[in-house]
Amino acid sequence: MSVNGYQSELQGFVRDNISSSGHAAVVEAYHAVREIPYFSSGDRSPYAALKARRGACTAKHIILRDALRIVGFDAVIELVDCDFAAGVPPHSSMPQDLIDQVNAGNIRDIHCWVRTRGDTPQLLDATWPSGLAVYGFSTNSGWTGTGDTYPAVDCVQSVTVSEDVLTEKQRLLDDFSDQEKKRRKKFLGALSSWLDNHSVSVGGKNES
């Protein structure tokens with residue numbers, strides 16, 4: 001990842017999307033990141049997500065953490081060992097193989113979300129953009145800054161906090177069994193393919 005390139009893209013993202021101060025800036029940052037279309041490409045870097053204008057949970061939450069720090073808020077990323085499929089609602093527009101995987105569940109993954117720090121810590125999960133609400137996803141589009149947002153995953157087994165998110169996530173994934181890795185890769189590929197054809201973000205169709 002180009003550090004200078006990422007910082008430049010991040011500063012532009014903050015400038016374009018956050019105009020308020022105080023806690024209102026947290027709300028603006030959260031929704032700006034949340035509306036980035038979800039897509040798991042295998043490249044988890046926030047720089048790639050900002051350049052492509054789409055990304056998965058790792059990149060999106062690194063962007064959110066770093067944007068919040070720029071506007072003066074302390075935030076960290078929690079890496080969550082979970083069943084990722086348990087948080088995905090089946091929908092008739094999905095191919096049957098993806099529906100079967102969603103219904104079967106037990107797709108182990110390392111999910112990410114942001115935790116703000118301070119007097120009233122908040123869980124900020126910015127995984128799903130607003131357009132996915134029509135498919136039954138919990139998008140948190142109505143969050144106004146009070147309390148936690150609704151997490152995108154279920155069946156959480158453990159939580160790890162790390163500053164070096166990309167390295168730590170890879171370390172945790174490396175501990176998965178071969179079968180867990182295979183099922184995870186198949187599920188994320190099928191989900192991303194379906195989302196690429198069906199997700200709708202603010203302003204129009206999800207574009208690559």
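The values are calculated or read from the model by the stated rules, or taken from the named source; none is laboratory data. Predicted model only: the values in this text are computed from it and were never measured. All Cβ positions, glycine included, derive from the backbone under ideal geometry; neighbour counts span all protein chains shown.
Please pick out the residue among 47, 30, 38 that is more than 21 Å from residue 132 (Cα to Cα) and aromatic (Phe, Trp, Tyr).
47
Could you list all residues from the range 46-101 that are part of a strand (DSSP E or B), buried (at least 21 other Cβ atoms within 10 Å of the Cβ) and among the hydrophobic types (A, V, I, L, M, F, W, C)?
75, 77, 79, 80, 82
Out of all the residues in the range 94-106, is one or more of a type in the set (S, T, N, Q), touching a Pro at 6+ places or on another chain (Cβ under 7 Å), within 23 Å of residue 39 (Cβ to Cβ) and at pLDDT 95 or above?
Our first condition is that a residue be of a type in the set (S, T, N, Q); within the range 94-106, this holds for 96, 101, 103, 106.
Pick out the ones that are also touching a Pro at 6+ places or on another chain (Cβ under 7 Å) and you get 103.
Those still in the list that are within 23 Å of residue 39 (Cβ to Cβ) too: 103.
From what's left, at pLDDT 95 or above: 103.
The answer is yes; a qualifying residue exists.
Restricted to the range 115-144, and to residues that are among the charged types (D, E, K, R) and either buried (at least 22 other Cβ atoms within 10 Å of the Cβ) or more than 17 Å from residue 30 (Cα to Cα) (or both), which residue is farthest from the chain's Cα centre (by Cα)?
119
Between 133, 152, 126, which is in contact with a Ser or Thr (Cβ under 9 Å, 6 or more places away or on another chain) and outside any loop (DSSP other than H, G, I, E, B)?
Just a single option satisfies the conditions, and that option is 133.
Can residue 117 be described as closer than 24 Å to residue 158 by Cβ, in contact with an Asp or Glu (Cβ under 6 Å, 6 or more places away or on another chain) and in contact (Cβ under 8 Å) with a residue 24 or more places away in the chain?
Considered against the rule, which asks whether it is closer than 24 Å to residue 158 by Cβ, in contact with an Asp or Glu (Cβ under 6 Å, 6 or more places away or on another chain) and in contact (Cβ under 8 Å) with a residue 24 or more places away in the chain, residue 117 comes out as yes.
Here's the yes/no breakdown for (1) modelled with pLDDT of 95 or more; (2) surrounded by 15 or more Cβ atoms within 10 Å (Cβ to Cβ):
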{"residue": "108", "(1), (2)": "yes, yes"}
{"residue": "113", "(1), (2)": "yes, yes"}
{"residue": "146", "(1), (2)": "yes, no"}
{"residue": "168", "(1), (2)": "yes, yes"}
{"residue": "187", "(1), (2)": "yes, yes"}
{"residue": "195", "(1), (2)": "no, yes"}
{"residue": "198", "(1), (2)": "no, yes"}
{"residue": "203", "(1), (2)": "no, no"}
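Taking the range 33-45 on its own, how many of its residues are assigned to a helix (DSSP H, G or I) and either under 26 Å from residue 182 (Cβ atoms) or of a type in the set (A, V, I, L, M, F, W, C) (or both)?
Selection size over the range 33-45: 1.
Quick one: would you say residue 68 is in contact (Cβ under 8 Å) with a residue 60 or more places away in the chain, more than 14 Å from the chain's Cα centre (by Cα) and more than 23 Å from residue 133 (Cβ to Cβ)?
No; evaluated as a whole, the condition is false for this residue.
Taking the condition assigned to a helix (DSSP H, G or I) and free of Cβ contacts under 8 Å to residues at least 60 places away in the same chain, does residue 169 pass?
Considered against the rule, which asks whether it is assigned to a helix (DSSP H, G or I) and free of Cβ contacts under 8 Å to residues at least 60 places away in the same chain, residue 169 comes out as no.
Would you check which residues across the range 20-43 are of a type outside the set (S, T, N, Q), within 20 Å of residue 164 (Cα to Cα) and surrounded by 21 or more Cβ atoms within 10 Å (Cβ to Cβ) and list them? Let's see the steps before the verdict.
Step one: of the range 20-43, the residues of a type outside the set (S, T, N, Q) are 22-39, 42-43.
Pick out the ones that are also within 20 Å of residue 164 (Cα to Cα) and you get 33, 42-43.
Across the range 20-43, the qualifying residue is only 33.
Please count how many residues of the range 173-200 are under 19 Å from residue 79 (Cβ atoms) and within 17 Å of the chain's Cα centre (by Cα).
5
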